[in-house]
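The values are calculated or read from the model by the stated rules, or taken from the named source; none is laboratory data. Given the structure is predicted, the values throughout are model-derived calculations rather than measurements. Glycine also receives a Cβ, built like all others from the backbone with ideal geometry; neighbour counts cover every protein chain displayed. All accessible areas refer to the heavy atoms of the entire protein, side chains included, with ligands and DNA or RNA removed. Shrake-Rupley method; radii C 1.70, N 1.55, O 1.52, S 1.80 Å.
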Amino acid sequence: MKIALLGYGKMGHVIERIALERGHEIVLRKDEFNTYDGLSAADVAIDFSVPSAAVNNISSCFHANVPVVSGTTGWLEHYDEMIALCKEKNGGFISSSNFSLGVNLFFEFNEYLAKIMSQFDHYKVDMEEIHHDQKLDAPSGTAISLAKGVIENSNYTNWTLDTPKEKEIHIEAVRVGTVPGTHTVTYNSEVDSIEIKHTAHNREGFALGAVIAAEWLAGKHGVFTMKDVLNLNSK
């Protein structure tokens, strides 16, 4: 499979190594200094760039008839616009706040726990996410996805970085050192706490999941999620 890498930073390099190990070919390594030459030759593109570049990267893929997997966060105010363009161009698209297979299983645990805990209103939920000090957005896209998972399965209506109001989930965003990503969801009551936690040890899981998603998406048309890739929609 021929892959275009859109964004060639730390994650791009790890994705490249894993893709090559799995027998794929890299036909474009796009950074801020070069063009999209080679994109049209790709079977699929993987976008791990920066928020300011994501929309242009994704739309360029749709115009070139190349399905795209995007792991860039911080651009989702344009999400509906990109979905509309994908449908207009009959493209293929997967966008996820986190492509780690473990994190996507964690999303499932989070939603299931939220359904159970919604019956017990003496527990209050809050979240913490910890990332390296070079991460540009806060809270993380993964934390937002976790909050949405709770909101869709409970009486909570919103999330906030500030002091929470009624039916708001507080997210504590911590930036320190080189931490690749730790996410904790806690239900607290006066007598006990229930906690689920995912800790990434390195970038490998994110990169492997993105490559697996790209392998799955190649040749497909439509808008998909990691639930489709992992066959979790029927669960």
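For region 207-235, filtering for residues that are under 21 Å from A143 (Cα atoms), in a helix (DSSP H, G or I) and open to solvent by 30 Å² or more (accessible area, probe 1.4 Å) leaves 3. You will find that of V185, V179, the residue that is modelled with pLDDT of 95 or more and not polar (S, T, N, Q) is V185 and no other. Under the condition of being among the acidic types (D, E) and surrounded by 15 or more Cβ atoms within 10 Å (Cβ to Cβ), which residue from region 109-137 is farthest from E172 (Cα to Cα)? Checked region 109-137; the qualifying residue farthest from E172 (Cα to Cα) is E111. With the structure loaded, tell me whether T142 is in contact with a strand residue (DSSP E or B) (Cβ under 7 Å, 6 or more places away or on another chain), of a type outside the set (A, V, I, L, M), closer than 30 Å to V50 by Cβ and free of Cβ contacts under 8 Å to residues at least 12 places away in the same chain or whether it fails that test. Taking the combined requirement at face value, the residue does not satisfy it. Just one of the listed residues (H63, H78) is closer than 20 Å to K220 by Cα and either open to solvent by 30 Å² or more (accessible area, probe 1.4 Å) or among the hydroxyl-bearing types (S, T, Y) (or both), and it is H63.
Which of the following residues is open to solvent by less than 20 Å² (accessible area, probe 1.4 Å) and in contact with a strand residue (DSSP E or B) (Cβ under 7 Å, 6 or more places away or on another chain): A41, A45?
A45
Keeping to region 31-57, report how many residues are touching a Gly at 6+ places or on another chain (Cβ under 9 Å) and of a type outside the set (D, E). Result for region 31-57: 10. A search for C-beta distances below 7 Å between a residue of region 121-133 that is among the charged types (D, E, K, R) and any residue that is not in a strand (DSSP E or B), counting only pairs 6+ apart in sequence or on different chains, returns E129/P139; E129/S140; E129/T142; E129/A143; D133/V176; D133/G177. Of everything in region 194-203 that is surrounded by 15 or more Cβ atoms within 10 Å (Cβ to Cβ) and at pLDDT below 95, the residue that is nearest to H13 (Cα to Cα) is R203. Residues that are small (G, A, S) and outside any loop (DSSP other than H, G, I, E, B) were ranked within region 71-113; the one that is farthest from the chain's Cα centre (by Cα) is A84. Within region 9-36, the set of residues being farther than 23 Å from A84 by Cβ, assigned to a loop (DSSP other than H, G, I, E, B) and modelled with pLDDT of 95 or more comprises R22, G23, H24.
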